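Every number in this text was worked out from the coordinates using simple rules, so none of it is lab data. A quick note: this is a predicted structure, and the numbers were derived from the prediction, not measured. Heads up, the Cβs are rebuilt from the backbone with ideal geometry, glycines too, and the neighbour counts pull from every protein chain shown.
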Amino acid sequence: MTDTFLAKGKRKLLVEELKRKGISDEEVLRAINTVPRHDFMDPAFLNHAYIDKAFPISSGQTISQPYTVAVQTELLRVKRRDKILEIGTGSGYQCAILAEMGAKVYTIERYRELHLRAQRTLASLGYTADFFFGDGYEGKPQYGPFDAIVITAATKEIPEKLPPQLKIGGRMVVPLGDSNSQVMTLVIRKGENDFEYSSHGSFIFVPMLKGTASE
Ligand code: SAH
C-alpha cells in the first residue's frame with residue numbers, strides 16, 4: 001500500500017502521543033514517524049494502524065503496540081550499524097523501525113507464514129534485514145556477538161543461550177513474566193560473566209514458545 005497524507009498525519013499524532021507517554025529518544029520518534037505501520041497490517045484495518053494498541057496479525061499473533069515498540073527500542077540505545085538480533089519477527093514492524101535507525105537486523109520467527117510475509121513487507125518498503133525461520137531460544141551464535149538483542153514475546157525466564165551472544169557492553173531487552181503480565185527487563189552485559197538487570201514497567205506480549213510452529 002502507498003503512504004498517504006492521511007496516514008502521515010495520523011503518524012504525527014501518534015508520535016505526539018508517544019512523547020506525552022514519556023518517549024524522548026528523537027531517533028526512535030523519527031523512525032516511528034517514518035515507517036508506515038499500516039503496511040504491516042491487513043489493509044482493511046488502516047484506521048487501527050495509528051492507534052496506540054496492539055493488533056491481531058495472522059497465526060494468532062499480534063503486531064506490538066507502538067508504545068511498546070518505542071520503549072523496547074529506546075532501551076536498546078540503537079546506534080547506526082549496530083548488529084541487532086530480534087526474537088519474534090511477527091509483522092516485521094519492530095524490525096523495520098530498527099532498520100530505519102540504521103541497524104543491521106537479524107530476526108527470527110517460528111511461524112513460516114509470518115516469516116515469509118514480513119520479508120515481503122520489508123522488501124516492498126526498501127528495508128533490508130536477515131530473516132530466519134526457526135526457534136529464537138537458540139539465537140544466532142554464528143552471526144553474533146550482537147550489540148543488542150530484543151525479545152518481542154513473553155518468557156518466564158531469560159533464554160540461557162541468548163546473553164552469551166551479546167557483546168560486552170551489549171544490551172538485551174526482554175519481557176519477563178507469566179502470560180498475564182511481564183516486566184520489561186533490560187540486561188546489560190558488563191563483563192564476560194557480569195550481567196546487570198533493571199526493570200522498566202509492565203507489558204503484555206504473546207508467549208515465546210519452544211520450537212517452530214507446525215502450520
Ligand atoms: N516484533 C513483532 C511482534 C510480534 S508478536 C512485530 O513488530 O510485529 C511476537 C512474535 O514472536 C510472534 O510472531 C511469535 O510467533 C514469535 N515467537 C514466539 N516464540 C518464538 C520463538 N521461540 N522463536 C521465534 N519467534 C517466536
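Tabulated data
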{"quantity": "Sequence of Thr128, Thr34, Thr107 once ranked by neighbouring C-beta atoms within 10 Å, starting from the fewest", "calculated": "Thr128, Thr34, Thr107"}
{"quantity": "Between 0 and 90°, nearest 10: helix 66-76 axis offset from the chain longest Cα axis", "calculated": "40 degrees"}
{"quantity": "Virtual spin-label span in nm between Ser58 and Lys190, 7 Å along Cα→Cβ", "calculated": "4.6 nm"}
{"quantity": "For the chain, calculated [θ]222 nm from helices alone, where every DSSP H run of n ≥ 4 adds -39500 (n - 2.57)", "calculated": "-8000 deg cm²/dmol"}
{"quantity": "Value of relative contact order over the chain, rounded to a whole percent, pairs C-alpha under 8 Å and six or more apart", "calculated": "15 percent"}
{"quantity": "Separation between Cα centres of region 157-186 and region 76-148, rounded to whole Å", "calculated": "16 Å"}
